[in-house]
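**Student:** First, the structure itself, so that you have it in front of you.
Computed from the coordinates by the stated procedures, all read-outs in this text should not be read as laboratory data. Small disclaimer: the values here were computed from a predicted structure and weren't measured. With ideal geometry, Cβ positions are generated from the backbone for all residues, glycine too; neighbour counts draw on all protein chains shown.
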Amino acid sequence: MSEKFFEFLEEKLRRLKEQNLYRSLKDVNSRDGMEITINGKKYINFSSNDYLGLSQHPLVKEAAMQAIKIFGCGGGASRLLAGGTVLNKELEKLLAQLKGTESSIVLNSGYTANTSLIPVLAEEEDIIFSDELNHASIIDGIRLSKAKKIIYKHADIDDLSQKIKETSCKGKKIVITDTVFSMDGDIAPLKELYEICKFEDAILYIDDAHGTGVLGQGQGAWKHFNLPQENFVVQMGTLSKSVGCFGAFVCGTNSLIDWFINSARGFIFSTALPPSVIASAIASIKIIIEDKTLIDTLWHNTEKVIEAIKILGLKTTNTQTPIIPLLFESIEDAMNASKIFNSLGIYAPVIRPPTVKIPRIRITISAAHTHENIERLIEAFNLLCQQPRRA
Ligand code: PMP
């Protein structure tokens, strides 16, 4: 029986390779700013979500090293035992301040957050309305909940309004959306979503993984739209992208956060993040709050790249952020383009189905990219345009 299973696995892997859908791991030898060495070859990294370059910031690194000296490496136990430290409380206070909420709690990753919080936010009689392009961790969180799920068309307020109005529900209605869509780079219509949720007495759960540190002068998507704080808004985000560290958080009212602490399985049954990670996140968020130059540089770089794409007529999405995808007709076209980029020392890998419907090179911009890095990327766009099969 097991023999057959392994034959079946090999057959499946062989088919993935045939269809250019096989994924493999990369051996990164070193990272220095946005310079990355993979299998001994140097590239400029255009695939990182380290939007502000904070993972490499001297103060952020120093904070981690100090925490290791004081507390050691691992958390050793879950938060509800003695896995957390005073640093966790400090970070949670900062996050609540950043997002303007009463309270916050840190979780071990964005994936853990969505798959742990959504199942305890939604109850059996509830209905979740979910944008069709929401992140996989939201989709899995909804699957783990006992609530009914209704998918609305991507960022389509009319579709959501109609679906929410015509659906009767014994429990509560919950709308869930990415703020910045991770593969398309567009921003959710949060103002309209807020108004619908207020009118319909629904909960709005936002995943601000790619908005935190990027939008609203670093405070995130809610601030970007200048929306008021309301009890019915749950703000989740990650520490793994512009914060440059690891982990996630959720911000909301005292009772909501207390409920998550007492019910979210990914919080209760998992070891707390290492103190060094928490310390580096604190240092990072302080920089985001106090120093706006990194955010300004990020947007300057982003605007230059979006402008170049428009001038050259390359195909992209309705991106409004540092996530800038180049779209291709086929996986082969995307892979050829990625090779052209590689030949110029640019690392920007292909994202293919089933992660996305349309194959793409997902370029991400950082404040840590130098003027020369951005010029090299634009040179690669030009080279791409000269190819016979182009985007
Ligand atoms: N939500 C969104 C929108 C994401 O893009 C990601 C990661 N790509 C996650 C959640 C998961 O976050 P993490 O990597 O911290 O698990």
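**Student:** Given 20 Å bins starting at zero, what is the percent of C-alpha pairs of the chain in each, up to the one with the largest pair distance?
**Tutor:** 26, 56, 17, 0
**Student:** For the residue pair Glu102 and Ser263, what label-to-label distance in nm results when each label sits 7 Å from Cα along the Cα-to-beta-carbon direction?
**Tutor:** A separation of 1.5 nm, rounded to one decimal place.
**Student:** Could you go through the range 132-140 in sequence order and give the Karplus-derived ³J(HN,Hα) for each residue, using 6.51 cos²θ - 1.76 cosθ + 1.60 with θ = phi - 60°, rounded to whole Hz, and x for Gly and Pro?
**Tutor:** In residue order, the calculated couplings are 5, 9, 4, 4, 3, 5, 6, 4, 5 Hz.
**Student:** Do the sum for the chain: with -39,500 (n - 2.57) for every DSSP H run of n ≥ 4, divided by all residues, what is the mean residue ellipticity at 222 nm, to the nearest 500 deg cm²/dmol?
**Tutor:** Working: 14 runs with 169 residues, N = 391.
About -13500 deg cm²/dmol.
**Student:** Rank-order 29-39, 251-261 by packing density, defined as the average count of other C-beta atoms within 10 Å over each peptide's residues, highest first.
**Tutor:** 251-261, 29-39
**Student:** Measuring from centroid to centroid over Cα atoms, what is the spacing of the range 199-229 and the range 287-322 in Å?
**Tutor:** After rounding, the separation between the Cα centres reads 19 Å.
**Student:** Once you place label points 7 Å from the Cα toward the Cβ at Ala136 and Thr370, how far apart are they in nm?
**Tutor:** So the two model labels end up 3.5 nm from each other.
**Student:** A further question on this structure: Quote to one decimal, in nm, the extra length available between Ser24 and His300 on full extension: 0.36 nm per residue of separation minus the C-alpha distance between them.
**Tutor:** Additional length available on full extension: 96.0 nm.
**Student:** List, largest first, the extents of the alpha carbons of the range 58-290 along their principal axes, each in whole Å.
**Tutor:** 58, 34, 29
**Student:** Got a sec to turn the phi values of the range 212-229 into Karplus ³J(HN,Hα) couplings, 6.51 cos²θ - 1.76 cosθ + 1.60 with θ = phi - 60°, whole Hz, x for Gly and Pro?
**Tutor:** Calculated HN-Hα couplings, in order: 4, x, 10, 9, x, 6, x, 6, x, 5, 5, 5, 3, 8, 6, 8, x, 6 Hz.
**Student:** Next question, about the same structure. So what's the Cα pair-distance distribution over the range 183-262, bin width 5 Å, in %?
**Tutor:** It works out to 3, 14, 24, 24, 20, 11, 3, 0, in whole percents.
**Student:** Then there's this: Taking 0.36 nm per residue of separation and subtracting the Cα-Cα distance, what length does fully extending Ser168 through Lys198 add? Please list the in-between numbers first.
**Tutor:** Values: separation 30, 0.36 × 30 = 10.80 nm, distance 1.66 nm.
My answer for the length gained is 9.1 nm.
**Student:** Also: In whole percent, what relative contact order does the range 58-290 give with Cα contacts below 8 Å and a gap of six or more residues?
**Tutor:** Computed value for the range 58-290: 32 percent relative contact order.
**Student:** Sticking with this one: Please list, in order along the range 109-115, the HN-Hα scalar couplings obtained from phi with the Karplus expression 6.51 cos²θ - 1.76 cosθ + 1.60 (θ = phi - 60°), rounded to whole Hz, x for Gly and Pro.
**Tutor:** Values per residue, Gly and Pro as x: 6, x, 5, 4, 4, 5, 7 Hz.
**Student:** Stokes-Einstein at 20 °C, 1.002 mPa s, Kirkwood radius from Cα pairs: D for the range 253-308 in µm² s⁻¹? Intermediate values should be presented prior to the final figure.
**Tutor:** Details: Rh = 14.8 Å.
D, rounded to a whole number, is 145 µm²/s.
**Student:** Let me ask you something else. How would you rank 75-87, 357-369, highest first, on the average number of other Cβ atoms within 10 Å across their residues?
**Tutor:** Highest-to-lowest ranking by the protection proxy: 357-369, 75-87.
**Student:** May I pose another question? Share of antiparallel DSSP beta bridges in the range 58-290, in percent to the nearest 5?
**Tutor:** In the range 58-290, approximately 40 percent of DSSP beta bridges are antiparallel ones.
**Student:** Something else about it: List the extent of the Cα atoms of the range 93-181 along each of their three principal axes, largest first, rounded to whole Å.
**Tutor:** 40, 26, 25
**Student:** Using the basic label-point model (7 angstrom from Cα toward the beta carbon), what is the Glu10 to Gln386 distance in nanometres?
**Tutor:** Distance between label points: 4.6 nm.
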